[in-house]
Amino acid sequence: MANKGPSYGLSREVQSKIDKKYDQDLEERLTEWIIAQCGAGVGQPEAGKTGWQNWLKDGCVLCELINSLSSGNKPIRKIQSSGMAFKQMEQISQFLNAAEKYGITKTDMFQTVDLWEGKDLAAVQRTLMALGSLAVTRDDGTYRGDPNWFHKKSVENRREFSEDQLNEGKCVIGLQMGTNKGASQAGMTGYGRPRQILNNNP
């Protein structure tokens with residue numbers, strides 16, 4: 001993969017807007033959670049955006065993270081550190097596939113280049129936030145760390161009604177519908193003046 005030079009004009013403007021979405025405070029919280037979830041063996045990133053990217057770039061930490069959230073069979077069997085670009089990208093893709101199976105929606109997923117080339121690290125943060133929220137919501141005993149780091153996702157609350165209850169509901173007029181008691185059209189006239197028909201001929 002060729003190294004890219006600096007961007008200019010519109011490309012630079014777009015990249016600048018993407019970079020501004022990156023949240024430094026969120027980086028610290030996510031780092032704290034990943035270390036709590038996976039253990040100290042995953043190491044610690046250098047301070048700053050580039051250090052955080054380099055920590056996650058080879059995919060090893062991400063793969064360890066998704067494995068730690070699985071109580072049964074680990075979704076990623078082989079995790080190995082490699083200096084080769086395609087191996088690193090392959091591991092990031094494995095993480096993304098496993099995260100999708102875990103329940104992360106496609107709209108919350110980052111692309112491999114967003115992390116590997118540092119194109120959109122805010123998208124990486126969004127994916128990890130969605131993963132943390134899902135883990136807290138599931139509450140299956142695999143989540144480690146402070147549950148307050150993530151908000152719980154809303155859970156479907158399906159209600160079952162019997163046939164009798166449904167029939168009873170048909171007899172009730174909702175208050176928002178108002179009432180038509182005593183309504184009639186008596187005394188109503190059309191809008192505007194009636195049409196004047198004049199015969200001017202003698």
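Data for the structure
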read-out: Among (1) open to solvent by 90 Å² or more (accessible area, probe 1.4 Å); (2) more than 22 Å from residue 123 (Cβ to Cβ) - the single one residue 46 does not satisfy; value: (2)
read-out: Residue 64 being in a helix (DSSP H, G or I), acidic (Asp, Glu) and in contact with a helix residue (DSSP H, G or I) (Cβ under 7 Å, 6 or more places away or on another chain); value: yes
read-out: Residue 38 buried (at least 19 other Cβ atoms within 10 Å of the Cβ), at pLDDT 90 or above and under 25 Å from residue 142 (Cβ atoms); value: no
read-out: Output for the stretch 39-61, where each listed residue is among the polar types (S, T, N, Q) and assigned to a helix (DSSP H, G or I); value: 50, 53, 54
read-out: Among residues of the stretch 35-61, those that are out of contact with any Gly (no Cβ under 7 Å at 6 or more places or on another chain) and in contact (Cβ under 8 Å) with a residue 40 or more places away in the chain, counted; value: 5
read-out: Qualifying positions in the stretch 81-97 - open to solvent by less than 40 Å² (accessible area, probe 1.4 Å) and either at pLDDT below 85 or not in a helix (DSSP H, G or I) (or both); value: 82
read-out: Scan of the stretch 138-172 for residues that are at pLDDT 80 or above, of a type outside the set (Phe, Trp, Tyr), under 23 Å from residue 101 (Cα atoms) and open to solvent by less than 100 Å² (accessible area, probe 1.4 Å), ordered by number; value: 140, 141, 142, 145, 147
read-out: Filter result (in a loop (DSSP other than H, G, I, E, B) and surrounded by 20 or more Cβ atoms within 10 Å (Cβ to Cβ)) within the stretch 110-137; value: 110
read-out: Odd one out for residue 118, checked against (1) touching a helix residue (DSSP H, G or I) at 6+ places or on another chain (Cβ under 7 Å); (2) at positive phi; (3) modelled with pLDDT of 85 or more; value: (3)
read-out: Selection from the stretch 41-54 of residues that are within 22 Å of the chain's Cα centre (by Cα) and modelled with pLDDT of 85 or more; value: 52, 53
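The values are calculated or read from the model by the stated rules, or taken from the named source; none is laboratory data. Keep in mind that this is a model prediction, so the values were computed, not measured. Every residue, glycine as well, gets a Cβ built from its backbone with ideal geometry; the counts of neighbours run over all protein chains shown. Please note that ligands, DNA and RNA were not included when accessible areas were found on the heavy atoms of the full protein model with its side chains. Shrake-Rupley method; radii C 1.70, N 1.55, O 1.52, S 1.80 Å.
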